[in-house]
Amino acid sequence: MERIASFSINHDKLHKGMYVSRIDGDVITYDIRMKRPNQGDYVGNGALHTFEHLFATYARNSQWADGVIYIGPMGCRTGFYMLLRDTISKADAIRLTQASFAFIRDFQGEIPGAKRRECGNYLEHDLEGAREVAIDMLDALKDWTPEKMAYPE
């Protein structure tokens, strides 16, 4: 089998940030790296799960909703993949991410889609943990630009 592109990135050089992982036709996959890989600090399962519910809910209800294809966590628990149509500029992808993270930071109340009938693991949520990750990432992305979206060499 051929090696997939994401396994070809040197994860030891990755820092927190937002990168273009790949482009497939009109779909851009963004790597939103929230933790440094292989450093022993990962997003907890409950926080990752809550973050997923809130990130996807916000993005799919934002002004960019028509271009949002998928938002989901990485199995390694160091970040998220966000797939968007190329009708959303890289600058707007950053704005969408920042706005989503501000929404998570400020969120109070019942987590969307977190009832038993709506979620396959409805008991494992951590809103405070999700907020902490959002605050940390808002700081990491505050000056992010499309020029910073290339993976480090």
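Only helical DSSP H runs with n ≥ 4 go in: add -39500 (n - 2.57) per run for the chain, normalise by residue count and round the 222 nm mean residue ellipticity to 500 deg cm²/dmol. All intermediate terms of the calculation are to be shown ahead of the outcome.
Details: 3 runs with 46 residues, N = 153.
Helices in the chain give a 222 nm mean residue ellipticity of -10000 deg cm²/dmol.
Just to confirm the number: angle between the C-alpha axis of helix 127-140 and the first principal axis of the chain, 0 to 90 degrees, nearest 10?
Around 30 degrees separate the two axes.
With an 8 Å Cα cut-off and a minimum separation of 6 or more residues, compute the relative contact order for region 91-153 in percent. List each step's numbers first, then the result.
Values: 32 pairs, mean separation 29.9, N = 63.
Once divided by the residue count of region 91-153, the mean separation gives 48 percent.
How large is log10 of I(q)/I(0) for the chain at q = 0.20 Å⁻¹ when the intensity is taken from the Debye formula with one equal scatterer per alpha-carbon?
Result of the Debye calculation: -1.35.
Which whole-number percent is the relative contact order of region 10-140 (Cα, under 8 Å, 6+ apart)? Numbers along the way, then the final one.
On the way: 212 pairs, mean separation 37.3, N = 131.
Averaging sequence separation for qualifying contacts and normalising by length gives 28 percent for region 10-140.
Taking every pair of distinct Cα atoms and averaging 1/r, then inverting, what Kirkwood hydrodynamic radius in Å comes out for region 43-88? Numbers along the way, then the final one.
Numbers: mean 1/r = 0.0909 Å⁻¹.
Here the Kirkwood hydrodynamic radius works out to 11.0 Å.
I'd like the GluC sites (Glu not before Pro) in region 84-148 restricted to DSSP loop residues with at most 13 other Cβ atoms within 10 Å, sorted by number. Let's see the in-between values first.
Numbers: sites: E110, E118, E124, E128, E132, E147; in loops: E110, E118, E124.
Filter output for region 84-148: E110, E118.
Using amide H atoms built 1.01 Å from N in the peptide plane, name the residues 5+ places from M74, or on other chains, whose amide H lies under 5 Å from its own.
G79, F80, Y81
Pairs of lysines 8 or more apart, or on different chains, with alpha carbons under 19 Å: count those in region 28-153, would you?
On the way: K35/K142; K35/K148; K90/K142; K90/K148.
Eligible lysine pairs with Cα atoms under 19 Å apart amount to 4.
Not counting the cut sites, what is the longest span of the chain without trypsin sites (Lys or Arg not before Pro) that DSSP labels loop and that have at most 10 other Cβ atoms within 10 Å? All intermediate terms of the calculation are to be shown ahead of the outcome.
On the way: sites that count: R3, K115, R116, R117, K142.
Longest stretch, sites excluded: 4-114.
Compute the helix-to-body angle for 45-59: its Cα long axis versus the longest principal axis of the chain, expressed 0 to 90° and rounded to tens.
Around 80 degrees separate the two axes.
Read-outs: derived from the displayed coordinates by stated rules, not from any lab. Keep in mind that what you see is a predicted model, and the values were worked out from it rather than measured. Every residue, glycine as well, gets a Cβ built from its backbone with ideal geometry; the counts of neighbours run over all protein chains shown.
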